[in-house]
Amino acid sequence: MSKAATGYSEFARGWPIILAAGLGIGLGLSPMPFYTIGMFAPQLAREFQWGFGDIMVGIMVMTIMSLIASPIVGHLADRYGVRKIALTSVVLFSLSFAGFALSTGSLVLFYINWGLMALLGAGTLPITWTRAVNTWFEKKKGLALGFSLIGTGLFGALIKPLTVWLIAELGWRGAYVAIAAMPLLIAFPVAWLLFRDVPPSEGSTTGAAKARTVKTGMSVGEVLKDYRFWILMVAVVPISFALGGPIPNMENLLATKGFNALEVASIVPVIGISVLVGRTVGGFLIDHLWAPGVAFVLLSLPALACWILAHYDVTMGVAIFSVFLIGFASGVEYDLLAYLVARYFGMKSYSTIYGFLYGSFALGAGSAPTVFGKIYDQTQSYTSILVVSMVILLIGAVMLLAMGRYRFIESEEEMVAATEEAMERVVVEP
């Protein structure tokens, strides 16, 4: 069987996992609060006289709680299976997101809601969904991860104008409830029907299939002693900060460049589209080229965007180009991290390891919007923080080049045998 045929067989049997994961991630904790806060912030500011920076502190609170919850959720997923954790968390996340509709004007209660949402919704993060995708795919692992994470790009392209429309029709409280219902009504039923931890051959408990169920890889203790883990832990923070800060502040950032509300509304959806492109193109490239090298190139591009937005009065075309570069690189982040964990540390403790690394990711991405917002409140400009973002983004990208060769790649013979076994079981078993 050729490599192409093996890859085709993987998608033939694994597309339901990609669909369920795509909806689960796209309508989960990672993108929903992040992409909608820019539309809700002006409403909350007018209603309760809160500062823009004060509102963005909510993302930082979510980040801190995600740092705590991510390794715990990862451990639970490794021990009890990702299906149980993901399904439970989808429901809890939906309910907690709806809690923002009950805001009373107390910033303390507002921040508590952010923290509660992070704790209850941590199971909807890529930690859980990508573990199953990594288990179902080998030869086309990068592309499969890109497709499964494409939901964030689609959601990012649609949710901003949808939120604006919902606020106009239902008010900001009604909009919160309507958006909160989406994970419960869309992601949950699809995941309930289609999402499974392992392929049929790995669900068996006999013979070679049982041996394959216990994935090869490093234990948590071994990983913590590995320099590659610490390279990732450190590099992810500046990368996620530099890419995570501009996106929720983009509407206001473009306004400082002289664009009116209509022009801003036409530029901002490019973020979602570019994230989508980054997911698919990035996934394809890391399947065929050395992933850290791909990351270095693709994550260096938005540094140019930061420089342009910091120093020039941009035209509409240049603004779209800059926003596209930032969104494109943001689209590469998640599947790259999931791919690197699988290739360098294996699947034995995948979710736990990913949980620790996602905590670092959340630290950067979660603190950035608040820092951006606070600096704008003080200076009425984003210039200084954009320059800082450009520098640290390049530093983080360079660090990834020290990762070295992959350490966990199944042989062609193992993959062919596993795929053929799985396809036989699909045909034979009712």
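Averaging sequence separations of C-alpha pairs under 8 Å and six or more residues apart, then dividing by the length of region 29-187, give the relative contact order as a whole percent.
On the way: 159 pairs, mean separation 51.9, N = 159.
Answer for region 29-187 is 33 percent.
Choose one of 105, 133, 62: the residue whose Cα lies farthest towards the positive end of the charge dipole of region 53-152 (beta-carbon charges +1 Lys, Arg; -1 Asp, Glu; about the Cα centre).
The residue sitting most towards the positive pole is 133.
State in Å² the accessible area per residue of region 12-148; use a 1.4 Å probe, count heavy atoms of protein chains only, and round to the nearest integer.
Numbers: 4210 Å² over 137 residues.
Ligands and nucleic acids excluded, the figure is 31 Å² per residue.
Output the relative contact order of region 264-341, whole-number percent, from Cα pairs under 8 angstrom with separation of 6+ residues.
On the way: 78 pairs, mean separation 41.5, N = 78.
Taking the mean separation of contacting Cα pairs over the length of region 264-341, I get 53 percent.
Could you tell me how many degrees, from 0 to 90 and to the nearest 10, lie between the Cα long axis of helix 107-121 and the main elongation axis, the longest principal axis, of the Cα atoms of the chain?
10 degrees
Taking all protein chains together and a probe of 1.4 Å, list 148, 381 from the most accessible to the least accessible.
Working: 148 0, 381 35 Å².
Greatest to least solvent exposure: 381, 148.
Determine the distance separating the Cα centre of region 35-64 from the Cα centre of region 120-173; give it in Å without decimals.
Computed from Cα coordinates, the inter-centre distance equals 21 Å.
With a point put 7 Å past each Cα toward its Cβ, work out how far residue 194 is from residue 47 in nm, to one decimal.
Label at residue 194, label at residue 47, 3.4 nm between them.
What pairs in 257/374; 141/348; 84/160; 160/257; 140/225 have C-alpha atoms more than 22 Å from each other? List each step's numbers first, then the result.
Working: 257/374 18 Å; 141/348 16 Å; 84/160 30 Å; 160/257 20 Å; 140/225 29 Å.
Among 257/374; 141/348; 84/160; 160/257; 140/225, the Cα-Cα distance tops 22 Å for 84/160; 140/225.
Can you pull out the trypsin sites (Lys or Arg not before Pro) in region 219-283 whose DSSP state is coil and whose Cβ has at most 13 other Cβ atoms within 10 Å? Spell out each step's value before the answer.
Values: sites: 225, 228, 257, 279; in loops: 225, 257.
Sparse-neighbourhood loop trypsin sites (Lys or Arg not before Pro): 225.
Measure off 7 Å from each Cα along the Cα-to-Cβ vector at residue 169 and residue 405, then give the distance between these two points in nanometres to one decimal.
Label at residue 169, label at residue 405, 5.7 nm between them.
Which angle between 0 and 90 degrees, to the nearest 10, do you get for helix 126-136 versus the longest principal axis of the chain when only C-alpha atoms count?
Taking Cα atoms only, the helix is inclined about 30 degrees.
Round to the nearest 10 and report in Å² the accessible area of residue 388, as given by a 1.4 Å probe over the protein chains' heavy atoms.
Using a 1.4 Å probe on the heavy atoms, I get roughly 70 Å².
Under a plain spin-label model, where a point goes 7 Å from the Cα along Cα-to-Cβ, how far apart in nm are residue 256 and residue 315?
2.4 nm
Can you give the charge dipole size of region 242-346 about its Cα centre, rounded to the nearest 20 debye, using +1 on the beta carbon of Lys and Arg and -1 on the beta carbon of Asp and Glu?
Values: 3 positive and 6 negative charges, 28 e Å.
In debye, rounded to 20, region 242-346 gives about 140.
May I ask you to derive the FRET efficiency for residue 111 and residue 227 from their Cβ-Cβ distance with R0 = 41 Å, giving the value to the nearest 0.05? Please list the in-between numbers first.
Details: r = 37 Å, r/R0 = 0.89.
Efficiency computed from Cβ-Cβ geometry: 0.65.
Pairs of Cα atoms under 8 Å, at least six residues apart: use those to get the relative contact order of the chain, whole percent. Intermediate results must be reported in sequence, preceding the final value.
Working: 743 pairs, mean separation 119.2, N = 430.
Normalised by residue count, the contact order of the chain is 28 percent.
What does the charge dipole of the chain about its Cα centre add up to, to the nearest 20 debye, if the Cβ of each Lys and Arg holds +1 and the Cβ of each Asp and Glu holds -1?
Working: 26 positive and 25 negative charges, 92 e Å.
Here the size comes out at about 440 debye.
Quick check: at a probe of 1.4 Å, how many percent of the accessible area of the chain sits on carbon and sulfur atoms?
Numbers: 11520 of 16280 Å².
For the chain, the apolar C and S fraction of the accessible surface comes to 71 percent.
Could you state the angle between the C-alpha long axis of helix 291-311 and the longest principal axis of the C-alpha atoms of the chain, as a value from 0 to 90 degrees rounded to the nearest 10?
10 degrees
The values are calculated or read from the model by the stated rules, or taken from the named source; none is laboratory data. All of these numbers come straight from a predicted model, not from anything done at the bench. Cβ atoms come from the backbone with ideal geometry, glycine included; neighbour counts cover every protein chain shown. These area figures cover heavy atoms from the full protein model, side chains too; ligands, DNA and RNA do not enter into them. Shrake-Rupley method; radii C 1.70, N 1.55, O 1.52, S 1.80 Å.
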